[in-house]
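Here's the structure we're looking at; comments come further down.
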Amino acid sequence: MLTIEDAFRKFKKRLELNDKEQQNASRRHSEVRDYIATKFDISRSFLTGSYARHTKTKPLKDIDIFFVLGDSELHYKSKSPAIVIDDFYAALVDQYGQAAVRKQGRSVNIDFGVIIDAEDNTDYRIVSVDAVPTFEIQDYYQIPDVQNGKWINTNPEVHAKKATAAHQAYSNEWKGIVRMVKYWNNNKTHSQKPIKPSFLIEVMALECLYGGWGGQFDREMQALFATLADRIFDEWPDPAGLGPAISDNMDNAYKQQARELLQEASNQATIAIDHVRRGRNGEALRVWRELFGPKFPLS
Ligand SMILES: Nc1ncnc2c1ncn2[C@@H]1O[C@H](COP(=O)(O)OP(=O)(O)OP(=O)(O)O)[C@@H](O)[C@H]1O
Ligand SMILES: [Mg+2]
């Protein structure tokens, strides 16, 4: 029978980006870039966010593409951020149709109509991308934030460096663990995502995974869920110290609910660990599967 350690290794592997998915992402990037460049002055564009840092979970949705606006688009900077979002939206609707395109606070989402099966597989295709209009300012970027009504600063380079440092300090297990907790966050058994935005999970993991890799996934998960529950009410600033706090999106009621769900996850983990101690491996696998969702293997 599959050991818990092997199950977690398999689970981790299933959440890793593979070559086919990267090819599909890069093909979609080129396709969207080629189109956007016919409508706006784009100096360059690149895949970024959790996708580029390898902290995105499966299925691959909302892959961020920064579109760096050129000099002839500078007029947008003095306008409300909603204007550039509206204009990107209108342009993308012309190409992809209204049903596939959605305005968001900091980007426009394009859905490629990919079907996600019951096992969360997509035949190695990415489901959607977030097109983010941006201005490059020396070594950081400005992106529109409709909710705040202003352009906010961000530095994806710093986020990437911090993730890499955390990963290395954790015996190269940190990113895998972050993807797993993000997968738990997406589990359809929750009526809504316990934690939002899911970037907050990564930001909290920069501090909440400490003391070094202990060598056992089940114990790491139990401790991490407990620590996340303890610290969900803390203020979590942008790790690059530029943008608004990452914890700004949840009000107290939402945080309270997140705390309860995280505590429940930690309790489930304790139960799973106890099953193994009593020789009930199959039971333990089923608990983890229920906690995470269909990509956690039972065999
Ligand atoms: N409040 C913020 N201030 C500064 N930069 C931010 C802020 N929120 C997000 N970012 C940057 O923008 C990127 C894209 O944001 P997004 O919410 O899509 O997160 P993500 O890390 O890509 O996670 P997900 O896996 O949910 O897509 C982040 O990876 C981060 O680099
Ligand atoms: Mg993203």
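Taken together, the values in this text are just the output of simple stated rules run on the coordinates, not laboratory data. Remember, predicted model here, so these are calculated numbers, not experimental data. Please note: Cβ atoms are built from the backbone with ideal geometry, for glycine as well, and neighbour counts cover all protein chains shown.
Taking only the alpha carbons of the stretch 102-226, we obtain Rg and Dmax values of 17.0, 46 Å in that order. Helix 156-169 and the longest principal axis of the Cα set of the chain meet at an angle near 20°. Centre-to-centre separation between the Cα atoms of the stretch 128-181 and those of the stretch 233-251: 13 Å. When GluC sites (Glu not before Pro) are flagged only if DSSP places them in a loop and at most 15 other Cβ atoms lie within 10 Å, the longest unflagged stretch of the chain comes out as 120-234. Remark: the stretch 219-229, residue by residue, has Karplus-estimated 3J(HN,Hα) of 6, 4, 5, 4, 5, 5, 4, 5, 5, 4, 4 Hz, where x stands for each Gly or Pro and the curve is 6.51 cos²θ - 1.76 cosθ + 1.60 at θ = phi - 60°.
In this label model, THR3 and GLN192 are separated by 4.2 nm, measuring between points 7 Å along each Cα→Cβ vector. Shown for the stretch 1-127: lysine pairs separated by 8 or more places, or found on different chains, whose C-alpha atoms are under 20 Å apart, numbering 19. Residue-wise HN-Hα couplings along the stretch 54-67, as the Karplus relation 6.51 cos²θ - 1.76 cosθ + 1.60 with θ = phi - 60° gives them from phi, are 6, 10, 7, 9, 9, x, 6, 10, 6, 6, 7, 10, 7, 9 Hz; Gly and Pro carry x. Between ASP117 and SER30, the simple label model (points 7 Å from Cα in the Cβ direction) yields a spacing of 2.7 nm. Note on the stretch 208-299: Cα Rg divided by 2.2 N^0.38 Å, N the number of residues, gives 1.28. Entry note: the chain has Rg to Rh equal to 0.98, where both radii use alpha-carbon atoms and Rh is the Kirkwood radius. Evaluating 6.51 cos²θ - 1.76 cosθ + 1.60 at θ = phi - 60° for every residue in the stretch 242-247, the Karplus couplings come out as 10, x, x, 4, 5, 7 Hz, glycine and proline recorded as x.
Just to confirm the filter: which trypsin sites (Lys or Arg not before Pro) across the stretch 56-97 are DSSP coil and have at most 16 other Cβ within 10 angstrom of their Cβ?
Answer by residue number: LYS79.
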